[in-house]
1. Which ones in the range 107-131 are under 12 Å from Val164 (Cα atoms) and not in a strand (DSSP E or B)?
2. Mind checking whether some residue in the range 56-70 is touching a Leu at 6+ places or on another chain (Cβ under 8 Å), farther than 24 Å from Asp230 by Cα, modelled with pLDDT of 95 or more and part of a strand (DSSP E or B)?
3. Just the residues that are outside any loop (DSSP other than H, G, I, E, B) and either in contact with a Phe, Trp or Tyr (Cβ under 8 Å, 6 or more places away or on another chain) or among the hydroxyl-bearing types (Ser, Thr, Tyr) (or both), please, taken from the range 190-208.
4. What residue, of Phe204, Phe231, is buried (at least 16 other Cβ atoms within 10 Å of the Cβ), within 27 Å of the chain's Cα centre (by Cα) and closer than 20 Å to Tyr291 by Cα?
5. Just wondering, is there one or more residues in the range 75-84 that are over 25 Å from Tyr45 (Cα atoms) and in contact with a strand residue (DSSP E or B) (Cβ under 9 Å, 6 or more places away or on another chain)?
6. Any residue that is assigned to a helix (DSSP H, G or I), out of contact with any Pro (no Cβ under 7 Å at 6 or more places or on another chain) and farther than 24 Å from Arg75 by Cα - is there at least one of those in the range 209-226?
7. Say we look at the range 361-380 and pick out the residues that are modelled with pLDDT under 95 and among the β-branched types (Val, Ile, Thr); which of these is surrounded by the fewest Cβ atoms within 10 Å (Cβ to Cβ)?
8. Among all residue pairs at least 6 apart or on different chains, which show Cβ distances below 9 Å where the first residue, located in the range 73-84, is farther than 15 Å from Tyr117 by Cα and the second is part of a strand (DSSP E or B)?
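The values are calculated or read from the model by the stated rules, or taken from the named source; none is laboratory data. Predicted, not measured: the structure shown is a model, and the values here were computed from it. Because the Cβ atoms are built from the backbone with ideal geometry, glycine has one as well, and the counts that use them run over all protein chains shown.
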Amino acid sequence: MKKLIIITALFLFSVGLSLAQTGEDEPKYTNESFARLSHISGSVYIQKGAEQGFEDGVVNMPIEEGDRLGTTDGRAELYLGKKTYVRLDNNTKLEIMSLPKKGSDLTRLRVLKGNIYLSVNRLDEEKTVEVHTPDASFYVLDEGLYRIDVLENRKTDIYVFRGVVEAAGEEGSLLLKSEQSIAVAEGRYNGRPVRFLAVAEDTFDRWSEDRESRLAVQVAARRLPGEIEDFEAELEESGDWSWINPYGWVWVPGGVGPDWRPYYNGSWMWMSMGGWTWLPYDPWGWVTFHYGRWGWYGGLGWYWIPGSIWGPGWVGWWWGADYYAWAPLGWWNYPMVIVDNWYYPNWTRPYYPYNSRALTVIHKDQLRAKDISRAALRGDSLKNFDKITLTGQGRALKPASGQGITKNAGGAPAAGAERIIKAPAVKGVEPKTPPTVRSADKSGQAGGISSGERKIRSKDSPQAQGSDTPRKQSGSTVRKYSFGYPPSPAISIKKYLDRSGTSSSIRNRFYQSLGKSGSSSKSSSKSGSVSRGSSSSGSQGSKGSVSSGSRGSSSGSRSSGGSRPSGGVRKKG
């Protein structure tokens, strides 16, 4: 006689387990609270909190405030949201000090060593993007492309390829404009800003230029909401679009197998703000598993319905003593039920069918498995789950402090163990209308930070970590905070705006007000210009490149002769 296993459950929505554990009514994160590791070339590692140690970086890995990224013989790119990217050269370490959250739009980065490119293509407010080094602090005033090199000889160089930035140090703040650079050593400027020839001089320049070119690709048809329009080209090359009422345009992934389902090819990660968060291994998975919902149509298969709100994972959860299980949520926030190629979008029966092709079940000790598709139960193993019924009781699932990443152990539950799976009742976020989309005819090895690395110079006693109480350097006119040097209220691009100007670009209005006297033409600027020295390691990352949503991912450097969009690194004529 087949043993009956009754699983009690309640589906949870996008806010997922994080709300169950904290008891909060709504999350504190926004669409930009988690960065995306969008491209990897070579060896990249992530230092999560002290509790979880180091991990190898993989494309689509969510990065949160407090994380550190490092490269050895490799390079990496982080997507920070709103068309903003930071790129890491070989042998570079970057700390994510702050990311936007409800009530704050601040993005604060610290370069501990190495070289980075910061590409800011949308800036709603000046000085909301900051970069700090052991020598200086930089506050972005306008959209642009910036390179910052933290050198081993106790010096930081910044190059403004385009844009406007404030440099802050012990001696106060300076304004840097396009094609200007300056060197700073332990808070002190090495002279005044100088012009440089904005050319691609080393492999890191060319690698960043190649990434800029790829990301600048535009598609003719716009089908995504404005909040996620950055992913239009990525989806375009990885699947097809279809029109389904009442949702409008939906996206159908290409190249997936018959057993594939959403939230199956990947792993779960614990994030302090988001709770259990899905890490998709499908290269196009960031937008399709953190935004929108999924659907099914017999003649089409799985399709993704665009949405504009980020979530750790839009799934319904079940758990208990022996098993965890989940299913993707449909548009109306019901767990998807697909039996014999029939999709039931509003399943309200008391039992969830064990043979639904949307369901994923794993042993409890496999929740942190590196590959859920290998750990998932299948075939006859699921026949024991005769009934899945609903309940409103549950318990927290936060991993124990100090728990490392669990490998695929494959352990079976103990004999006689209780097989009641419970989950807490959590209010979900229910979409009230189908997604708003634009019609097609509109455009629209890691190790910790070594003791030999430099820290911001302080002649006073050490300040408590995390404190924002300023302290004054001996012989300095600027007080320094724990994160770095503060910006000057006297420097603001808004003070140079021409109020009568009609241009929506801060930079254009800035130069209009300065007039010709504030800048020189390209032909005359060559006199007195300096060529930027190659401060990169010069070695290229390993040949193996992994990139999100790209069937033909880039190699370590850009091939010659390719077209380049406006705003990239300019080559010599």
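1. Leu123, Glu126, Lys127
2. Among the residues of the range 56-70, at least one is touching a Leu at 6+ places or on another chain (Cβ under 8 Å), farther than 24 Å from Asp230 by Cα, modelled with pLDDT of 95 or more and part of a strand (DSSP E or B), which makes the answer yes.
3. Matches in the range 190-208: Phe196, Thr203, Phe204, Ser208.
4. After applying the criteria, what remains is Phe231.
5. No, every residue in the range 75-84 fails to be over 25 Å from Tyr45 (Cα atoms) and in contact with a strand residue (DSSP E or B) (Cβ under 9 Å, 6 or more places away or on another chain).
6. yes
7. Out of the qualifying residues, it is Ile362.
8. Cβ pairs passing all conditions: Asp73/Gly42; Asp73/Ser43; Gly81/Ala35; Gly81/Arg36; Gly81/Thr107; Lys82/Val120.
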